[in-house]
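Trainee: One structure is given below, represented as structure tokens, and several questions about it will come after.
The values are calculated or read from the model by the stated rules, or taken from the named source; none is laboratory data. On a predicted model such as this, the values are computed, not experimentally measured, just so you know. Here the Cβ positions follow ideal geometry from the backbone for every residue, glycine too, while neighbour counts run over all protein chains shown. We work out accessible area using only protein heavy atoms, side chains counted, and drop any ligands, DNA or RNA first. Shrake-Rupley method; radii C 1.70, N 1.55, O 1.52, S 1.80 Å.
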Amino acid sequence: ELEGRELMPDFKEIRNDRVFLYKEKLRPGLYEFDYYIRALTTGKFTHLPATVAEMYFPENFGRTAGSYFEIE
């Protein structure tokens, strides 16, 4: 049931260690954004929580859960 839940950003800023997504207008609801990573080394890593905030009203924000994962 992904109909209408895929987030299509207006602008993407991709860096080595993070991605910024910008959306001019966003209706209330649940959205998903899929991304791929490439593991170059084995080990235990931390998946930092994603955060979202309004540009001019940063007191309106949200955050996902963080987690740990292991590459063997």
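Trainee: Among the numbered criteria (1) without any contact (Cβ under 8 Å) to a residue 24 or more places away in the chain; (2) outside any strand (DSSP E or B), which single criterion is violated by Gly29?
Mentor: (1)
Trainee: So the check is Cβ under 7 Å with 6+ separation or different chains; which pairs have a first residue in the range 5-25 that's in contact (Cβ under 8 Å) with a residue 12 or more places away in the chain and in a strand (DSSP E or B) and a second one that's aromatic (Phe, Trp, Tyr) and open to solvent by less than 100 Å² (accessible area, probe 1.4 Å)?
Mentor: Leu21/Phe33
Trainee: Could you please find all residues in the range 28-50 being in contact with a Gly (Cβ under 7 Å, 6 or more places away or on another chain) and open to solvent by 100 Å² or more (accessible area, probe 1.4 Å)? Explain how you work it out, then say what you get.
Mentor: Kept after step one, since they are in contact with a Gly (Cβ under 7 Å, 6 or more places away or on another chain), are these residues of the range 28-50: 46-49.
Of everything in the range 28-50, just one residue is in contact with a Gly (Cβ under 7 Å, 6 or more places away or on another chain) and open to solvent by 100 Å² or more (accessible area, probe 1.4 Å), namely Leu48.
Trainee: Between a first residue in the range 33-44 that is touching a residue at least 12 places away in the same chain (Cβ under 8 Å) and a second residue that is in a loop (DSSP other than H, G, I, E, B) and open to solvent by 100 Å² or more (accessible area, probe 1.4 Å), which pairs have beta carbons less than 7 Å apart while being 6 or more apart in sequence or on different chains?
Mentor: From residues that are touching a residue at least 12 places away in the same chain (Cβ under 8 Å), the pairs are Thr42/Glu72.
Trainee: Let me ask something else about it. Being part of a loop (DSSP other than H, G, I, E, B), more than 30 Å from Glu72 (Cα to Cα) and either of a type in the set (S, T, N, Q) or touching a strand residue (DSSP E or B) at 6+ places or on another chain (Cβ under 9 Å) (or both) is the filter here, so list the residues in the range 32-60 that pass it. Spell out the reasoning first.
Mentor: Let us first name the residues in the range 32-60 that are part of a loop (DSSP other than H, G, I, E, B), namely 33-42, 48-50, 54-60.
This time we only want the ones that are more than 30 Å from Glu72 (Cα to Cα), so: 54-60.
Result: Glu54, Met55, Glu59, Asn60.
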